[in-house]
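Colleague: Submitted below is the structure of interest, expressed as structure tokens.
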Amino acid sequence: MRNEQEVNRAIERYSDTVRRLCMIHLKNHADTEDIFQTVFLKYVLSSVSFESDEHEKAWFIRVTVNACKDLLKSFFRSRTVSLEEIMDQPAALPEDNREILEAVLSLPLKYREVIYLHYYEEYTAPQISRITGKNVNTVYTLLTRSRQMLKEKLGGKAIDE
């Protein structure tokens, strides 16, 4: 079990990453907060010692992705509809950013995941390969395909523009 100082440092350092990953996967604020608590509880109870800050960050990403996948596969989740899907809430993002975010969120999970890790967390393809357990060439292929999908969804605007 970790001490309070370690936990506070981890929350300060990784809370944004964990929340963003949850939103990418779950598209739901309530589930995001549940998974956020689950991930940090696992950290508190974990006895894993990390080789470096990068190793620790990769652990948080992997645990978060797995927790999101577990939630998405759950019986309850597959048989309900969230309130956010029912209610049409106005977005606070500027129109250009909202359009890009909606395009990214509409991608299949395997593409959404690599786009998020590459553009938002600034990981390279070899780093994404280690985090996701996918072959590095597969990551390059997924990035290329997802960029093409986004370009089509955004009407020819490349996401790097």
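Colleague: Between Leu41 and Thr124, what is the FRET efficiency for a Förster distance of 30 Å, r being their Cβ-Cβ separation, to the nearest 0.05?
Modeller: 0.50
Colleague: Show log10 I(q)/I(0) for the range 1-55 at q = 0.15, 0.17, 0.19, 0.22 Å⁻¹, two decimals, from a solvent-free Debye sum over equal Cα scatterers.
Modeller: Log10 I(q)/I(0), no solvent term: -0.45, -0.56, -0.69, -0.87.
Colleague: Let me ask another. Tally Lys and Arg at +1 and Asp and Glu at -1 over the other residues with C-beta under 14 Å from the C-beta of Val7: what net charge comes out?
Modeller: Within the 14 Å Cβ shell, the charges total 0.
Colleague: Another question, then. So how far apart, in nm, are the two label points at Arg145 and Arg20 if each is 7 Å from Cα heading toward Cβ?
Modeller: 2.4
Colleague: Continuing with the same structure: Under a straight-distance cross-link criterion of Cα-Cα below 25 Å, which lysines are reachable from Lys134, leaving out those fewer than 8 residues away in the same chain?
Modeller: Lys27, Lys42, Lys57, Lys69, Lys73, Lys110, Lys151
The numbers here are math on the coordinates, done by the rules we state, and not lab data. All values reported here derive from a predicted model rather than from experimental measurement. Here the Cβ is made from the backbone with ideal geometry for all residues, glycine too, and neighbour counts use every protein chain on show.
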